[in-house]
Amino acid sequence: MTSRAFAKENDAERARLASFVAKAPDTVLARQISGGWTVAGVLGHLAFWDQRIVELIEKWEREGVPPPRYQDADIDWINDAAKPFLLAVPPRTAADLTIAIAEKADRLVAALTDAMLEKNKAAGSPINVDRAEHRREHLRELEPLLR
């Protein structure tokens with residue numbers, strides 16, 4: 001049986017993310033931070049990458065073929081290309097959407113069968129089932145802004 005420890009970590013970091021969103025006033029969500037991002041823009045960035053997972057899993061379920069692995073070199077230009085759109089989303093909308101998408105991504109990842117998890121691993125893990133890692137990375141940056 002394949003380890004499912006990732007599901008518990010995903011749930012914990014999603015709860016931490018939801019707590020941040022619930023506590024963050026709109027002024028914090030709209031705050032500019034490094035690299036020209038806003039807090040809400042970073043939350044939208046998390047939602048974008050979780051939505052990618054949702055789309056990949058749903059496509060895999062429809063077509064029966066695991067997705068190809070993305071190239072690590074593509075991450076920066078993808079983030080840069082998405083940034084203007086993410087910054088255009090109203091801050092509270094971005095924050096709420098982040099939680100809704102995280103919930104769906106975590107639900108779909110947790111529902112992957114052992115066979116799918118093994119196929120995903122064999123394909124180079126194009127579906128990163130550890131959603132917690134990315135959330136944790138950005139929450140370390142964002143949570144101090146509530147103090």
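Between residue 38 and 33, the built amide H atoms are under 5 Å apart, and every one of these is 5 or more places off in sequence or on another chain. Fewest-first ordering of 27, 38, 93 by other beta carbons within 10 Å of each residue's beta carbon gives 27, 93, 38. The residue among 116, 85, 38 whose Cα reaches farthest toward the positive pole of the charge dipole of the chain, with charges on the beta-carbon of Lys, Arg, Asp and Glu, is 38.
Let me spell out the model: positive unit charges on the Cβ of Lys and Arg, negative unit charges on the Cβ of Asp and Glu, origin at the Cα centre of the chain. What dipole size does that give, in debye rounded to 20?
Charge dipole, the chain, about its Cα centre: 320 debye, nearest 20.
Max-minus-min Cα coordinates of the range 5-146 on each principal axis give 45, 30, 23 Å, with the largest extent listed first. Across 127, 99, 75, mean-square fluctuation computed from a Gaussian network of the chain (C-alpha pairs under 10 Å connected) peaks at 75.
Computed from the coordinates by the stated procedures, all read-outs in this text should not be read as laboratory data. Here the structure is a predicted model, which is why all the values come from computation and not from measurement. Note that we place each Cβ from the backbone using ideal geometry, even for glycine, and neighbour counts take in every protein chain shown.
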